[in-house]
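Encoded as structure tokens, the structure appears first; notes follow it.
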Amino acid sequence: MSTSVTLCGVKLDNPVIPASGTFGYGHEFAEIYDINCLGTFSFKGTTAHPRFGNQTPRIADATGGMLNSVGLQNPGVDAVISEELPKLAKVFKKPVMANVCGFSVGEYVEVAEKLDACAQVGWIELNVSCPNVHGGGMGFGTTCEGAANVTREVKRVVKKPVIVKLTPNVTDITSIARACEDAGADALSLINTVLAMRIDPATRRPVLANVTGGLSGPAIFPLALRMVYQVYEAVNIPIIGMGGVHSARDVIEMMLAGASAVGVGAANLVNPFAARDIIEALPGEMEKYGIENLVDIIGGAHNG
Amino acid sequence: MKKGTFTLIKNEALVSDLHRLTFAGDASAVTRPGMFAEVEIPGYFLRRPFSVADASENSLTLAVRIRGEGTAALTGAETGARFDILTGLGNGFDLDCAFERPLLIGGGSGVPALYMACRELIARGAKPIAALGFNSAAESFYVSDFAALGAETVVYTADGSLGRRGVVTDALLDFDYSYVYACGAVPMLQIIDHEAKSGAQFSLEARMGCGFGACMGCTIETANGPRRVCKDGPVFRKGEILW
Ligand SMILES: Cc1cc2nc3c(=O)[nH]c(=O)nc-3n(C[C@H](O)[C@H](O)[C@H](O)COP(=O)(O)OP(=O)(O)OC[C@H]3O[C@@H](n4cnc5c(N)ncnc54)[C@H](O)[C@@H]3O)c2cc1C
Ligand SMILES: Cc1cc2nc3c(=O)[nH]c(=O)nc-3n(C[C@H](O)[C@H](O)[C@H](O)COP(=O)(O)O)c2cc1C
Ligand code: FES
């Protein structure tokens, strides 16, 4: 029995990848379990300069999920390279995925180029889908031209595989996926959070200071699964499927829909052991469904 | 941080909207007073954070005020109910600063968060003053618990129906003290930050996603840059917070 998969030529022991923004730079989790059990993980969205992010409150609860409007709080790419990555090297021996965000094409290129030069980084994930920043993030991912442009410019300077992370907050995600593939993307990851809001009836005001935020967690799993299924039919590059995954069964569904690897986000925040628990449960779940090698089921739901 | 299953063994309504919940389970991760716990409440996605009111190797006490749906469900639980709880979260109070005569200032539902600190300070030989503030006698709780520990316990009520009439921060003028530990509403903490004549530490609240430093949901600005209330706090020192 084998859980291993390949992502853009790099072998992963299993397809489970904690999603950007829910795993920090790995340390909080390395304190409680050996994170080398992961396929890899995607670190917090990183920009050229340090960012505080949005005003608080920037977290809200929802049935089957949560909203966040963190807005890319991060120490900036230089501090990530000089402080976070050396600390990470002590506890994580595998290549890590670098999540990159920007407010201009030039910023994406600058940050991606710096992280590309780090030996620890295995993949560059371009976050053109953050719904919580104005003038950046999702602004680049909601049009074919915008997404293709960032992809093309980053591909020009980066040697490592470039994964473009797509937003569900569009009319037709498949056309954006195709535009990214045509612009040279090596893989796609989807979905980022779904634009959403909550209102406090007592104050009659939005709960989040930013008014809107991104919904994630089990509530969005069927929606994410549908998009992965559709994008799989539209492109020939690998897909990292994510959105609401919280069990080994969800991983298998995502892979059947067409995912080569699977992101786990909000689940890590309510159960800090979630990613490890899912990995440990995978063999049992594979046995239950008669799966010998996990790679064999990728896109399996499309056959026949 | 530890994740474990706890069994509710006692559920007491101390006043109508505040319950003391005692759980049996492995609370060995609670190594300092002022740490907090995150309780998974069935039917709610995010865990709810509560200060540890008391803990031993195998028991955990939380004092929960009913604010919304999650706290209503939690305080309505029957004894025997089992909960998944993360313990050992946050930095907790640093008691090494306390010296002889620490002043503990608690406001409303912030009062229980100081109980364990008070117990440990007394065990270390300090002579703490516990200044506890409530709106009225009817809304007061935990007063006899602090007194039973042997702390000099003084109550302040807004209407004068119990103890001294006034606000609990009046204690900063009414007593001589060597250090201040506080938990309560933000305006109360601001007064302490500006007016305490000694060093001070206070416990803050923030909307939290994870409670253990991973999501950046709870960040505040401090004199030392952005800090996560859940991981770098919830206890901050006088002068640190940019209110
Ligand atoms: C470090 C810390 C220690 C705390 N200690 C205590 C304590 O000892 N006793 C006590 O009664 N309360 C305490 N609180 C506040 C308590 O967490 C909230 O009252 C509770 O989460 C409200 O949940 P709800 O479902 O009833 O309210 P809802 O308003 O329905 O909750 C919706 C969401 O908002 C969050 N939320 C609402 N109010 C607050 C708040 N004031 N602070 C943080 N998150 C909030 C909830 O966690 C939830 O995610 C503490 C908060 C923090 C951060
Ligand atoms: C608190 C929080 C912060 C996030 N930050 C980022 C980020 O910095 N970059 C990014 O590409 N995605 C970010 N995301 C999106 C997740 O990586 C993921 O795509 C999304 O949450 C859906 O997966 P889930 O339902 O498993 O959480 C964030 C999500 C959450 C909940
Ligand atoms: S609540 Fe997640 S970092 Fe503090």
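Brief remarks on what is shown
- Residue among A:GLU28, A:GLU84 that alone is of a type in the set (D, E, K, R) and facing chain B (nearest Cβ under 7 Å): A:GLU28
- Qualifying residue in segment A:151-170 (condition: under 30 Å from A:GLN55 (Cβ atoms), surrounded by fewer than 16 Cβ atoms within 10 Å (Cβ to Cβ) and in contact (Cβ under 8 Å) with a residue 12 or more places away in the chain): no
- Verdict on A:VAL270 being of a type in the set (Val, Ile, Thr), over 17 Å from the mean Cα position of the chain (by Cα) and within 14 Å of chain B (Cβ to nearest Cβ): yes
- Residues of segment A:122-139 that turn out to be more than 14 Å from chain B (Cβ to nearest Cβ), within 28 Å of A:THR6 (Cβ to Cβ) and either buried (at least 22 other Cβ atoms within 10 Å of the Cβ) or within 16 Å of ligand 1 (Cβ to nearest atom) (or both), as a count: 7
- Only residues that are within 26 Å of A:GLY244 (Cα to Cα), surrounded by fewer than 16 Cβ atoms within 10 Å (Cβ to Cβ) and aliphatic (A, V, I, L, M) were counted in segment B:36-76, giving 1.
- Of all residues in segment A:266-279 being part of a helix (DSSP H, G or I) and not small (Gly, Ala, Ser), the one that is farthest from ligand 1 (Cβ to nearest atom): A:ILE279
- So A:VAL158, is it under 16 Å from A:LEU72 (Cα atoms) and among the hydrophobic types (A, V, I, L, M, F, W, C): no
- Residue that is nearest to A:LEU215 (Cα to Cα), among those in segment B:209-230 that are touching an Asp or Glu at 6+ places or on another chain (Cβ under 7 Å) and within 12 Å of ligand 1 (Cβ to nearest atom): B:GLY211
- Restricting the search to strands (runs of 3 or more DSSP E) fully inside segment A:191-265 and requiring at least 1 residues that are open to solvent by 10 Å² or more (accessible area, probe 1.4 Å) and in contact with a helix residue (DSSP H, G or I) (Cβ under 6 Å, 6 or more places away or on another chain) gives A:194-196.
- Any chance A:PRO201 is farther than 27 Å from A:HIS134 by Cβ, within 16 Å of ligand 1 (Cβ to nearest atom) and within 14 Å of chain B (Cβ to nearest Cβ): yes
- Test for B:ALA206: is it among the aliphatic types (A, V, I, L, M), open to solvent by 20 Å² or more (accessible area, probe 1.4 Å), within 18 Å of the chain's Cα centre (by Cα) and within 16 Å of ligand 2 (Cβ to nearest atom): yes
- Scanning segment A:44-60 for residues that are within 12 Å of ligand 2 (Cβ to nearest atom) and within 11 Å of chain B (Cβ to nearest Cβ) turns up A:LYS44, A:GLY45, A:ARG51, A:GLY53, A:ASN54, A:ARG58, A:ILE59, A:ALA60.
- For segment B:24-52, the set of residues classified as within 21 Å of B:CYS183 (Cα to Cα) and near ligand 1 (Cβ under 7 Å from one of its atoms) consists of B:PHE36, B:ARG48, B:PRO49, B:PHE50, B:SER51, listed by residue number.
- Tabulated pairs, segment B:20-44, first more than 17 Å from B:GLY209 (Cα to Cα), second modelled with pLDDT under 95 and acidic (Asp, Glu), C-beta under 8 angstrom, 6+ apart or interchain: B:ASP26/B:GLU57; B:ALA27/B:GLU57; B:SER28/B:GLU57
- Residue in segment B:38-45 that is in a loop (DSSP other than H, G, I, E, B) and among the aromatic types (Phe, Trp, Tyr) present: yes
The values are calculated or read from the model by the stated rules, or taken from the named source; none is laboratory data. Not measured: the values here are computed from a predicted model. Neighbour counts are summed over all protein chains in view; Cβ atoms, including those assigned to glycine, are modelled from backbone coordinates with ideal geometry. These area figures cover heavy atoms from the full protein model, side chains too; ligands, DNA and RNA do not enter into them. Shrake-Rupley method; radii C 1.70, N 1.55, O 1.52, S 1.80 Å.
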